[in-house]
Amino acid sequence: FSCNLSDLSCSFLGLLYQEYRDKSTREEIETRRLQDSQTDPEETSPSEETPSEAEPSSTIENKAPPQINLLRNSNSRFNLWQDLPEVQSSGVLSILQPDEIKLQEAMFELVTSEASYYKSLNLLVSHFMENERLKKILHQSEAHILFSNVLDVMAVSERFLLDLEQRVEENIVISDVCDIVYQHTVNHFSVYITYVSNQTYQERAYKQLLQDKPAFREVISLLELDPKCKGLSFSSFLILPFQRITRLKLLVQNILKKVEEKSDRESSALDAHKELETVVKACNEGVRKMSRTEQMISIQKKLEFKIKSVPIISHSRWLLKQGELQQMNGPKTSRTLRTKKLFREIYLFLFNDLLVICRQIPGDKYQVFDSAPRGLLRVEELEDQGQSLANVFILRLLENADDREASYMLKASSQSEMKRWMISLAPNRRTKFVSFTSRLVDCPQIQCVHPYVAQQPDELSLELADVLNILDKTDDGWIFGERLHDQERGWFPSSMGEEILNPKIRAQNLKECFRVHKSDDSQRRKLGSRNRQ
């Protein structure tokens, strides 16, 4: 078995990965919109609900279907498994159950998207990294920071793609792909952690080079204009590995939702998903680690303690939220006084384990006058008491810097800012809607139709087609959501998404999510039981 991967990537799938990914997520959004608009979204017929698994497979084996010579078919432009001429001429589409066809499509998408991804990586290396003019402009250390270990990443993708394509060519009906995903994730995908962990340095180096080296800026602009790049930016190629490893986990989740329960294919999908989740988490931690350390050092330099000093820098501490609030002055009897001096500015730094309360002083410094462990914070919203007390809440420190209880009446600039502070300060406080982890039959949901990049630590970056449970919302256009596929929580503008109105679609989304994560839990329990034995 041999193949020319470059030919495959260019001819089999004419799209760069950025285009493929965008096309795929747009189709996912439109499919969900269509389902949401239907009065009865259940597509399953009685025959689909009780599929006969053994019978079709034996029939297919007896027919000895032809191999799909994808690698050698230079004219291939198919996006769907069922559109392949070999599939259509074999007659398997009339034999397979609809659920099995959907599963074949899910597995085939994982293969074709890897081919598209490899094509884009190949372009990053051949068109940008190996450009002779660029090589002369960049110092060796600059090139290393900019491109990191992309050659290792590409080699891993090449080996992975070869194994996937070999599996597709074995039989017209794909037996499984998740066993291959598992093996490669365990043995080779650590190169992604190395690449993604370098992302902060990479972004900084790129900005610096654009600013300091006009020749670099000129060459990059010329290379981006080449028709090969299809109007895509250099930076969109640099971020490919992080996007791919995240997307791969979602593609495996999609397969896991479609495989037969308690089958070998479910077991291999669970194993692959678990390993991919470990790699994705390590990638996320790698990205956060450097930026968090730098941020903590910067904050420490700005703080001056009026009270007993608290060491800020810790390897296990990071910033959750910072900002200005208005503290109410005077006794409670003065609440109704409409005076400009009713409130005084204070500044809060909230870390994952600590709250520091300050006043801003000249020279971009902050004087700390109180602090408390985050676990000893309580919040309480005031009932509407007129405009002057709108967006006011009470913050209680059960044990402050003086080892006593303290209360602060604080006013936020808007309803959303008040709710964001309250949820950050007391994360276990009940939200307007309950999280999906409570196993509710129904919960408000939203799907992302515009990507969003988080601007604050308490916000959540969104990718197209993400589905989230709505935990809270504000009148001024913000939503606090929990993404179904990874349970990450955060705030984002409501304009980024469309609410899913059909209760049956919401229930289906939850059911699929429970299956993925409940299965993960049961696998962990089995492993723990084996370890104890």
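The values are calculated or read from the model by the stated rules, or taken from the named source; none is laboratory data. This one's a predicted model, so the numbers in the text were calculated from it and none came from an experiment. Cβ: placed from backbone, ideal geometry, glycine included. Neighbour counts: every protein chain shown. For the accessible areas, the whole protein counts, side chains as well, though only heavy atoms, and no ligand, DNA or RNA atoms are used. Shrake-Rupley method; radii C 1.70, N 1.55, O 1.52, S 1.80 Å.
Spin-label point model (7 Å from Cα, Cβ direction): what's the Val125 to Val310 distance in nm?
Result for the modelled spin labels: 5.0 nm.
In the neighborhood of Glu463, defined by Cβ-to-Cβ distances under 10 Å, what is the net charge if each Lys or Arg adds +1 and each Asp or Glu adds -1?
Overall, the nearby charge balance is +2.
Using DSSP to call loops (not H, G, I, E or B), can you name the chymotrypsin sites (Phe, Trp or Tyr not before Pro) in the stretch 108-163 whose Cβ has at most 11 other Cβ atoms within 10 angstrom?
Those that pass, being in a loop and sparsely packed, number zero.
If each of Asp22 and Thr194 carries a label point 7 Å out from its Cα toward its Cβ, how far apart are those two points in nm?
If labels sit at Asp22 and Thr194, their model points lie 3.2 nm apart.
Go through the stretch 203-311 and name the trypsin sites (Lys or Arg not before Pro) that are in a DSSP coil and have 14 or fewer other Cβ atoms within 10 Å of their Cβ.
Lys230, Lys262, Lys306, Lys308
Give me the extension gain from Gln88 to Glu345: residue separation times 0.36 nm, minus the current Cα-Cα distance, reported in nm with one decimal.
That works out to 85.5 nm of additional length.
Counting only residues 5 or more places away or on other chains, whose amide H sits under 5 Å from the amide H of Ile500 once H atoms are built in the peptide plane?
Amide H neighbours of Ile500, under 5 Å, 5+ apart: Gln445, Ile446, Gln447.
Answer rounded, prolate or oblate for the stretch 306-425, using the Cα gyration tensor with square roots of eigenvalues a ≥ b ≥ c: rounded when a/c is under 1.5, else prolate when a/b is larger than b/c, else oblate.
Prolate is the answer for the stretch 306-425, as a/c is 1.5 or above and a/b outweighs b/c.
Probe radius 1.4 Å, ligands and nucleic acids left out: which of His273, His139 has the largest accessible area, and how do the rest follow?
Ranking His273, His139 by accessible area, largest first, yields His139, His273.
Give the calculated FRET efficiency between Leu210 and Glu132 to the nearest 0.05, with a Förster radius of 25 Å applied to their Cβ-Cβ distance.
Once rounded, the FRET efficiency stands at 0.80.
Give me the net charge of Leu93's neighbourhood, meaning all other residues with Cβ under 11 Å from the Cβ of Leu93; Lys, Arg count +1, Asp, Glu -1.
-2
Given axes a ≥ b ≥ c from the Cα gyration tensor, I'd like to know whether the stretch 184-308 is rounded (a/c under 1.5), prolate (a/b larger than b/c) or oblate. Walk me through the intermediate numbers first.
Numbers: a/c = 3.37, a/b = 1.28, b/c = 2.64.
Verdict is oblate for the stretch 184-308.
What's the local net charge at Gln326, with K and R +1, D and E -1, over the other residues with C-beta under 9 Å away? Write down the numbers at each step before the final one.
Values: positive: Arg344, Lys411; negative: Glu324, Glu345.
Within the 9 Å Cβ shell, the charges total 0.
Take the cross-link list Lys135/Lys230; Lys207/Lys281; Lys289/Lys365; Lys258/Lys321 and give me the ones stretching past 32 Å between alpha-carbons. List each step's numbers first, then the result.
On the way: Lys135/Lys230 23 Å; Lys207/Lys281 26 Å; Lys289/Lys365 25 Å; Lys258/Lys321 40 Å.
Listed pairs above 32 Å: Lys258/Lys321.
Can you give the charge dipole size of the stretch 306-425 about its Cα centre, rounded to the nearest 20 debye, using +1 on the beta carbon of Lys and Arg and -1 on the beta carbon of Asp and Glu? All intermediate terms of the calculation are to be shown ahead of the outcome.
Numbers: 19 positive and 14 negative charges, 67 e Å.
Using only the charged Cβ atoms, the result is roughly 320 debye.
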